[in-house]
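Chemist: Have a look at the structure that comes next, please.
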Amino acid sequence: MRNPRIYQQSLFTVNEIVTLSEDAFGHIVRVLRLKEGDSITLFNGNEPFQYTAALCNVSKKSAEAKIISKEDNLSESPLNIHLGQGISRGDRMDFTLQKSVELGVNTITPLFTERCGVKLNAERLEKKRQQWQKIVVSACEQSGRASVPIVAEPMLLADWLKQETSALKINLHPKAEHSIMTLPVENTRVRLLVGPEGGLSDEEISLAGQHNFQDVLLGPRILRTETAALTAITALQCRYGDLR
């Protein structure tokens, strides 16, 4: 079996033994049923490395891992993408987060827009954000990434648009005149705005334009919100990043 990749917020040093976190232990021992001596790969999300380790001191409630070696992880794209995603219903948001991480997005801010149709109190919203962050971690483990993107605190679209940034700012619009492939070449940072089901309202599109977001077109067809986000990220990675 391929070595499972496990995220844990720890500092790893070759030849040292680390205690696995509760989440890591549960996945490795209880779910995958790995045993003492089995090999795993660890990463902490904060550095461009990953570590090969061997399970040791496995018990019913805990396990440790001895760090065997340290390897470079060159999976991160030279393009930094901050996705502002209108919150969508059901599994669509989960799917968008998972796949956008696989495609190399760096930051995701869930946005409340006029048509998002999701209303949560503060406590439920924070639980939802934590759930989204776990989806992001799992996508990093699966896709081989070294860096773990941040799911920022959900906010109103108007507040997100006001944030200062040096990034190229683009908004997907089915009636835009220019495509992503015609954007300037010298960009390493992009802010991508994607509306929820039903898209952004005319007022929201106008507000984005007032904050210097450029309208861009993906093609002649109208895409669902999750399809639009992933298509745009793919096009951006082809244009500026590491997809060839």
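Chemist: Among the residues that make up the range 202-211, is at least one of them more than 22 Å from Met93 (Cα to Cα), touching a residue at least 24 places away in the same chain (Cβ under 8 Å), in the same structural domain as Ile108 (by TED's automatic domain parsing) and not in a helix (DSSP H, G or I)?
Modeler: yes
Chemist: Out of Lys127, Lys169, Lys119, Lys134, which single residue is of a type outside the set (S, T, N, Q), free of Cβ contacts under 8 Å to residues at least 60 places away in the same chain, in a loop (DSSP other than H, G, I, E, B) and out of contact with any Cys (no Cβ under 6 Å at 6 or more places or on another chain)?
Modeler: Lys119
Chemist: Considering (1) under 14 Å from the mean Cα position of the chain (by Cα); (2) of a type in the set (D, E, K, R); (3) not in a strand (DSSP E or B), say which one Arg191 fails and leave the rest.
Modeler: Every listed condition holds for Arg191 apart from (3).
Chemist: If you scan the range 218-237, which residues turn out to be in contact with a helix residue (DSSP H, G or I) (Cβ under 8 Å, 6 or more places away or on another chain) and not in a loop (DSSP other than H, G, I, E, B)?
Modeler: Thr225, Glu226, Ala229, Leu230, Ala232, Ile233, Ala235, Leu236
Chemist: May I pose another question? In the range 112-137, what residues are under 15 Å from the mean Cα position of the chain (by Cα) and under 27 Å from Ala167 (Cα atoms)?
Modeler: Arg129, Gln130, Trp132, Gln133, Lys134, Ile135, Val136, Val137, listed by residue number.
Chemist: Which one of these does Thr113 not meet: (1) in contact with a Leu (Cβ under 6 Å, 6 or more places away or on another chain); (2) among the polar types (S, T, N, Q); (3) under 16 Å from Thr234 (Cα atoms)?
Modeler: (3) is the only condition that Thr113 fails.
Chemist: If I ask for residues that are of a type outside the set (A, V, I, L, M, F, W, C) and closer than 27 Å to Arg221 by Cβ, which ones from the range 148-172 would you list? If you could, list the steps in order and put the result at the bottom.
Modeler: The initial filter retains those residues of the range 148-172 that are of a type outside the set (A, V, I, L, M, F, W, C), namely 149, 153-154, 159, 162-166, 169, 171.
Lys169, Asn171, listed by residue number.
Chemist: Let me ask something additional. Which residues, counting only those in the range 53-77, are among the hydroxyl-bearing types (Ser, Thr, Tyr), surrounded by fewer than 17 Cβ atoms within 10 Å (Cβ to Cβ) and either in contact (Cβ under 8 Å) with a residue 60 or more places away in the chain or touching a Ser or Thr at 6+ places or on another chain (Cβ under 7 Å) (or both)? Walk me through how you get there before you give the answer.
Modeler: The initial filter retains those residues of the range 53-77 that are among the hydroxyl-bearing types (Ser, Thr, Tyr), namely 59, 62, 69, 75, 77.
Filter once more, so that each one left must be surrounded by fewer than 17 Cβ atoms within 10 Å (Cβ to Cβ): 59, 62, 69, 75.
Of everything in the range 53-77, those that are among the hydroxyl-bearing types (Ser, Thr, Tyr), surrounded by fewer than 17 Cβ atoms within 10 Å (Cβ to Cβ) and either in contact (Cβ under 8 Å) with a residue 60 or more places away in the chain or touching a Ser or Thr at 6+ places or on another chain (Cβ under 7 Å) (or both) turn out to be Ser62, Ser69, Ser75.
Chemist: For the range 173-186, give me each residue that is under 24 Å from the mean Cα position of the chain (by Cα) and either surrounded by fewer than 17 Cβ atoms within 10 Å (Cβ to Cβ) or at pLDDT 90 or above (or both). Don't jump to the end; show me each part of the working.
Modeler: So the first thing to find is which residues in the range 173-186 are under 24 Å from the mean Cα position of the chain (by Cα), and the list is 173, 179-181, 183, 185-186.
Selection gives Ser179, Met181, Val185, Glu186.
The values are calculated or read from the model by the stated rules, or taken from the named source; none is laboratory data. Everything numeric here is computed off the predicted structure, so don't read it as measured data. All Cβ positions, glycine included, derive from the backbone under ideal geometry; neighbour counts span all protein chains shown.
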